[in-house]
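Q: Can you keep this structure in mind? I'll have questions shortly.
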Amino acid sequence: MEHQDSSFDQELADLNDSLLKMGVMVKDLIHKSVDALKRRDRDLARQVIKDDVDVDQLELVIDDKAINLIALRQPKAGDLRFILAGMRLATDLERIGDLAESIAERCIELADQPLVKPLVDIPRMAELAEGSLSKVLDAFVNRDPDKAKEIWPVEQKIDDLRDRVHDELIEIMSNSPNSTHRAIPLLLAARHLERIGDHITNIAEDIVYMVEGEVIKHGGML
């Protein structure tokens, strides 16, 4: 990055640290929300909903830091790309937190009911999403666009699993209409995880932009 003075360096480092903190918090929300769903643990689901408030607050702090850096420091080129990418990263992380909260809400809906099918693919989707989020956070820290690009094939796996969950649940509902009220929350949970994968891909694209100054969408140059 292009350094102007030590205090500017520190402000950039503070922004970086806040983004990483937010990323770790959001990864934890993904894990807890799906764990709550698997175990139909209403208390854990409520904790996810409560913790998402902290994620929302941290996004506001990050936005304030970024806006102040742009307004007061007038950063150039690489530093400006870092700040702009950081703001977008925070937005995507906040939305991932919201989606984890939505999964927790689906858990609460199902808390007192037996599952219509064993949960295999939905936890696998969450596992892939958590791994991808860890990878993009590492890519962000190390300014490594190649590592960021590695998550695109994983996003496709998440999409494929979502399709499989969808097909299985539609078949269950067709064969047993009385199960619909228990199947729909799982359909929605899979959709929430698919959207989480989309937001992680957005982060990867922003990392490539931050480091290389190139705008890409799903691995293709614009």
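What follows is calculated from the coordinates using simple rules that are stated; it is not laboratory data. It should be emphasised that the depicted structure is a prediction, and the values quoted were computed from it without experimental measurement. Every residue, glycine as well, gets a Cβ built from its backbone with ideal geometry; the counts of neighbours run over all protein chains shown.
Q: State the label only: which of [x] 0.98; [y] 1.05; [z] 0.94 corresponds to Rg/Rh (Cα atoms, Kirkwood Rh) computed from the shown model?
A: Label of the calculated value: [y].
Q: Test of understanding: in a Gaussian network model of the chain with alpha carbons linked when under 10 Å, which of 166, 199, 181 would top the mean-square fluctuation ranking?
A: Looking only at 166, 199, 181, the biggest GNM fluctuation is shown by 181.
Q: Report, ordered by chain and residue number, the lysines lying within cross-link reach of residue 157, taken as a straight Cα distance under 16 Å and ignoring same-chain residues fewer than 8 apart.
A: By straight Cα distance, residue 157 reaches 135, 149.
Q: What translational diffusion coefficient, in µm²/s and rounded to a whole number, does the Stokes-Einstein relation yield for the stretch 1-72 at 25 °C and a viscosity of 0.890 mPa s, taking the hydrodynamic radius as the Kirkwood radius over Cα pairs?
A: The diffusion coefficient I find is 176 µm²/s.
Q: Moving to a separate point now. Using a 10 Å cut-off around each Cβ, can you sort 91, 201, 180 from fewest to most neighbouring Cβ atoms?
A: Ordered from fewest to most neighbouring Cβ atoms within 10 Å, 91, 201, 180 come out as 180, 91, 201.
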